[in-house]
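One structure is given here, and the rest of the page talks about it.
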Amino acid sequence: MVATILSVAVMIVAFGVTNGFQQTISQKIFNFWGHLRVQHFQPQRVAVAEELPIEKNDTVVQVLQQNKNITSVNSFATKNAILKTSETIEGILFKGVESNYNFKQLQQFLQQGRWMRYPDSGSSNEIVLSASTANQLQVKLGDALLIYFIQNDGSAPRARKLTICGIYKTGIEEYDKLIALGDLRLVQRLNNWQPNQIGGYEIFIDDYKKMDAVNETIFYQLPKEWNSHTIKEVYPNI
């Protein structure tokens, strides 16, 4: 009887730890990427690939915001880049967001500094790095570094000098080794996009268990060349 009681107790504790760990990791992923992602339709697209541009559509955004399960809709775009210091280099995926981005979702990850400041014109010259990338490059808050953006047309990388204004850590290695945050307008300029062109929308909902149902609903409300995915489809490995 004692052995049975101990065995059952151990299993209950093990299940509790596993479920708690799964819940924590899932919430971190949702906070960083949203629950749903709306982008241009790209078959067989990998998660780290840059997006084809779509034009902002206020009508679609209004329709999405009218969905009672959707709490916020944020514009974003990504671009592959290389960070360089005098000592080393590191490849990253530069995620550009707008000034009205819902940074409250990410606040728990910010270890040092602050989020980017957005000037009235031009683009911000600030960047938020992960603690992992900062340690790899041996840089700290307030340091300036060169970032080389890879051009899709095969031309020479375009360099910019950015200042580290913040350092974050999610604890998820796939993110911390790859993602840096900056101004969406910088991505637009480097891609020769118009100001109304973005990579897509990140959508946050009130209950992650409703992801599939909400995704199916909004899919039929999008322009025909657009597509929507749950974050489970985008990052199935995590």
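The values are calculated or read from the model by the stated rules, or taken from the named source; none is laboratory data. Fair warning: this is a prediction, and the values are worked out from it, not measured in the lab. No Cβ is skipped: glycine too gets one built from the backbone with ideal geometry, and neighbour counts run over all protein chains shown. Surface accessibility is based on the protein's heavy atoms, side chains included, excluding ligands, DNA and RNA. Shrake-Rupley method; radii C 1.70, N 1.55, O 1.52, S 1.80 Å.
For the stretch 71-82, which residues satisfy the criterion of being touching a helix residue (DSSP H, G or I) at 6+ places or on another chain (Cβ under 6 Å) and farther than 17 Å from H35 by Cα?
In the first step, residues of the stretch 71-82 are kept if they are touching a helix residue (DSSP H, G or I) at 6+ places or on another chain (Cβ under 6 Å); the result is 73, 77, 79.
Passing the criteria: only K79.
Just the residues that are part of a loop (DSSP other than H, G, I, E, B) and among the polar types (S, T, N, Q), please, taken from the stretch 128-155. Explain how you work it out, then say what you get.
Just the residues of the stretch 128-155 that are part of a loop (DSSP other than H, G, I, E, B), to begin with: 138-143, 150-155.
Scanning the stretch 128-155 gives Q138, Q151, N152, S155.
Return yes when A159 is outside any loop (DSSP other than H, G, I, E, B) and within 20 Å of R37 (Cβ to Cβ) and no when it is not. Spell out the reasoning first.
On the way: outside any loop (DSSP other than H, G, I, E, B): yes; within 20 Å of R37 (Cβ to Cβ): no.
No.
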> Could you list, in sequence order, the residues of the stretch 122-170 that are open to solvent by 70 Å² or more (accessible area, probe 1.4 Å) and among the charged types (D, E, K, R)?
Replying inline: K140, D153, R158, K161, K169
> Give me the pairs: first residue in the stretch 138-156 and under 15 Å from T78 (Cβ atoms), second residue open to solvent by 50 Å² or more (accessible area, probe 1.4 Å) and β-branched (V, I, T), beta-carbon distance under 9 Å, and six or more apart or on different chains, which are they?
Replying inline: I147/I82; F149/I82; I150/I82
>> If I ask for residues that are within 17 Å of the chain's Cα centre (by Cα), open to solvent by less than 70 Å² (accessible area, probe 1.4 Å) and not hydrophobic (A, V, I, L, M, F, W, C), which ones from the stretch 206-235 would you list?
In response: S228, H229, T230, Y235
> What pairs come up if the first residue lies in the stretch 105-124 and is over 28 Å from Q27 (Cα atoms), the second is aromatic (F, W, Y) and assigned to a loop (DSSP other than H, G, I, E, B), and their beta carbons are under 9 Å apart, counting only those six or more places apart or on different chains?
Replying inline: S124/Y118
